[in-house]
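Working notes, structure below.
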Amino acid sequence: MKKVFLISLGCSKNHVDSEVILGLLANDGFEPTPSLDEADVVIINTCAFIQEAVQESIEAIVEVAQAKEKGTGNKLIVTGCLPQRYGEELAREIPEVDLWIGTGEFPRIPQLLKDDKTKVLIGTPRYLYDHHTPRLITNTPHSAYVKIAEGCSHPCTFCLIPRLRGRYRSRQMNSVIREVEHLVARGIVEINLVAQDTTAYGADIREERGLYRLLKELIKIRGLRWIRVLYSYPHPTHFHPSFLEMVAGEEKICPYLDIPIQHIDAKILQRMGRSFSEKETRALINYIKKEGKVPFKPLRIYGNCVVSVTS
């Protein structure tokens, strides 16, 4: 059996992609290995959202490329946000990489491994996995991430996500439910719902109050103990009272909201391309405190990111 060594960099959403890659390769006869020297194929799933992430990704690529030159004999594939952003340029700079593949093309890796002709494959990201997609869970035995949507359609001037990941596209609700059921049947007790904007879930497929309706179904799953909702874009229309009441009152849902407010100054918000003002942001926080019906600790500030944490 051929062996694959995978390095996963970046966010939890990228982590899900890495698990899908491993699942697809397992179906094609590959076995994961913790040893670079034993691997027939090395895959680096990169991040390129900020400069530090770009640098980390390049360092990982160079390190593996140098090992390859010393005779490890493995095929090196680089996928994820770095190729999506710089693929053609990097292909010229680092010829040791056998294949550069974008964020929407990675499901084709098993096929492309059999075709040595392709060097760079980067298109418009449209891919969205579902409950039928093979996936190898590499997190802790009791916890898993579930990606409920991909991409982003917000026009923020500072953000590359729409370019790197495509427009916002929600998974079908039934598909998410089926995946969670499968994970719980395998012993997972904690589910972390992730997307670039979880509270916008369903808006693009006309699922009114999509996240609320999804949570309402997920809490019915026997054996599931905890659900976390991660990364909620601070747009006032996304926080419906029914959703907040459920987060506050349902035992299975952790009473926590991850809201990247980032800035409050009106001029900076305007330059960022945010579609809401300081007044609306403050009103949203007060609204969450009131409708959530839970005691909030004071706002904690981390760098330029404000996070509201429940007690």
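Give the Kirkwood hydrodynamic radius (Å, one decimal) of the chain, defined as one over the mean of 1/r across all pairs of different Cα atoms.
Details: mean 1/r = 0.0482 Å⁻¹.
After inverting the mean inverse Cα-Cα distance, the result is 20.8 Å.
What area, in nm² and to one decimal, does the C-alpha convex hull of segment 2-121 cast on average over all directions?
Its Cα hull, projected and averaged over all orientations, spans 6.5 nm².
Is any residue of segment 263-286 close enough, with backbone N under 18 Å, to a label point placed 7 angstrom from the Cα of Phe158 along the Cα-Cβ axis, and if so, which?
It comes to 263-282, nothing else.
Computed from the mean reciprocal separation of all distinct C-alpha pairs, what Kirkwood hydrodynamic radius does segment 143-307 have, in Å?
On the way: mean 1/r = 0.0602 Å⁻¹.
The answer is 16.6 Å.
Based on the alpha carbons, how large is the Rg to Rh ratio for segment 102-184 when Rh follows Kirkwood? Mind showing how you got there, number by number?
Working: Rg = 15.2 Å, Rh = 14.9 Å.
My calculation of the ratio gives 1.02.
Between Ser242, Ser12, Ser170, find the one with the highest GNM mean-square fluctuation for the chain; connect C-alpha pairs within less than 10 Å.
Looking only at Ser242, Ser12, Ser170, the largest GNM fluctuation is found for Ser242.
Of the DSSP beta bridges with both residues in the chain, give the percent that are antiparallel, rounding to the nearest 5. Write out the running numbers ahead of the final one.
On the way: 6 of 35 bridges.
Just about 15 percent of them are antiparallel.
Take the alpha-carbon centre of segment 1-71, take the same for segment 241-284, and report the distance between them in whole Å.
That distance is 35 Å.
As a test of the formula, what do you get for the chain when each DSSP H run with n ≥ 4 contributes -39,500 (n - 2.57) and the sum is divided by the residue count, at 222 nm and rounded to the nearest 500 deg cm²/dmol? Kindly include the intermediate steps, with their values, before the conclusion.
On the way: 10 runs with 108 residues, N = 311.
When only DSSP H runs of four or more count, the value is -10500 deg cm²/dmol.
Taking the highest mean first, how do the peptides 40-50, 133-143, 172-182 order by number of other beta carbon atoms within 10 angstrom per residue? Please report the intermediate quantities before stating the final value.
Values: 40-50: 22.2, 133-143: 14.5, 172-182: 17.4.
For the peptides 40-50, 133-143, 172-182, the packing ranking is 40-50, 172-182, 133-143.
Every read-out reported here was derived from the displayed coordinates using simple, explicitly stated rules and does not represent laboratory data. Remember, predicted model here, so these are calculated numbers, not experimental data. Counting neighbours? That spans all protein chains shown, and the Cβs are built from the backbone with ideal geometry, glycine included.
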